[in-house]
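The values are calculated or read from the model by the stated rules, or taken from the named source; none is laboratory data. As the structure is a prediction and not an experimental result, all values here were calculated from the model. Cβ placement follows ideal geometry from the backbone for every residue including glycine, while neighbour counts extend to all protein chains displayed. Areas reflect the complete protein model, heavy atoms only, side chains present, ligands, DNA and RNA absent. Shrake-Rupley method; radii C 1.70, N 1.55, O 1.52, S 1.80 Å.
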Amino acid sequence: MNSERLRVSEKLKGRIAQASALALVVAGTAAIAAPVVHRANLTAARTDVFAVVQQAAGLAAEFPTPQAERLVWEGVDIDGDGQADFANPTGQDTRKVDAYGFGEFGASRDGGSRRHEGVDFIADAGQKIVSPISGYVTKIGYAYAGDSNLKFVEITNPALHYAARVFYIDPTVVVGQTVALGHAIGTHRTLETKYPGGMTDHVHLEIIDKRGRRIDATQVIEARYEVVGRARG
């Protein structure tokens, strides 16, 4: 969609530039060489200008200026009560490719010997991280053995039979504490020291289903674009 809009925009610019050039020719001819230029030539030139302007206007009407959009995330409703049961812990987009690889579920790790078991959501160092699921805190642990700087929080929802683990945060909750969907559970701890040279700061989110399997978080936290300023229904 963006590339199509770009092509249309460039085409429209070309039409307008063409019309402007013709307009200058007509104006210059009329002002400087009016005594020696036949009226039929001026009329033809004016007709060309009007035709190009009309074409540009038609093109602009067919492809209006794109409106500003923003990415929003919505959790799915799996228990049928009409309310979302999941949330994006950072509110930001997923981590794309960087110096250390891709951040999507199933991406290759360790030269293909294993697969990425979560989804990485971009985060800013120190930003508030919210709970991706309601429930209670069942575990707080270390993301890497021997590294006390990077922790994870595990939240379990016994009613939904789902659990979530959020990595790379400084927790503000404790084991046994009840947390609500979308409420703060800590702040993001930067990965710059652990992964220098180009890893995008993020939290790693694992969603665990009733069978104990890790699933793609974007299956239960879906992205869409909405026009900025449009009221959400």
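Is the range 115-128 home to any residue that is more than 22 Å from the chain's Cα centre (by Cα) and either modelled with pLDDT of 95 or more or of a type outside the set (A, V, I, L, M) (or both)? Yes: the range 115-128 contains one or more residues that are more than 22 Å from the chain's Cα centre (by Cα) and either modelled with pLDDT of 95 or more or of a type outside the set (A, V, I, L, M) (or both).
Those strands (runs of 3 or more DSSP E) of the range 57-166 in which 2 or more residues are exposed (fewer than 15 other Cβ atoms within 10 Å of the Cβ) occupy 69-75, 135-144, 147-157.
For the range 211-229, the set of residues classified as loosely packed, with under 12 Cβ neighbours inside 10 Å and out of contact with any strand residue (DSSP E or B) (no Cβ under 7 Å at 6 or more places or on another chain) consists of Arg211, Gly212, Arg213, Gly229, listed by residue number.
Quick one: is Gly176 of a type outside the set (S, T, N, Q), over 22 Å from Arg95 (Cα atoms) and assigned to a loop (DSSP other than H, G, I, E, B)?
So Gly176 fits the description; yes.
Criterion applied to Val203, Val175 was being at pLDDT 95 or above, crowded, with 18+ Cβ neighbours inside 10 Å and touching a Ser or Thr at 6+ places or on another chain (Cβ under 9 Å), and the one residue passing it is Val203.
Working only within the range 179-194, note down all residues that are more than 22 Å from Gly91 (Cβ to Cβ) and either of a type in the set (Ser, Thr, Tyr) or open to solvent by less than 50 Å² (accessible area, probe 1.4 Å) (or both).
Thr193
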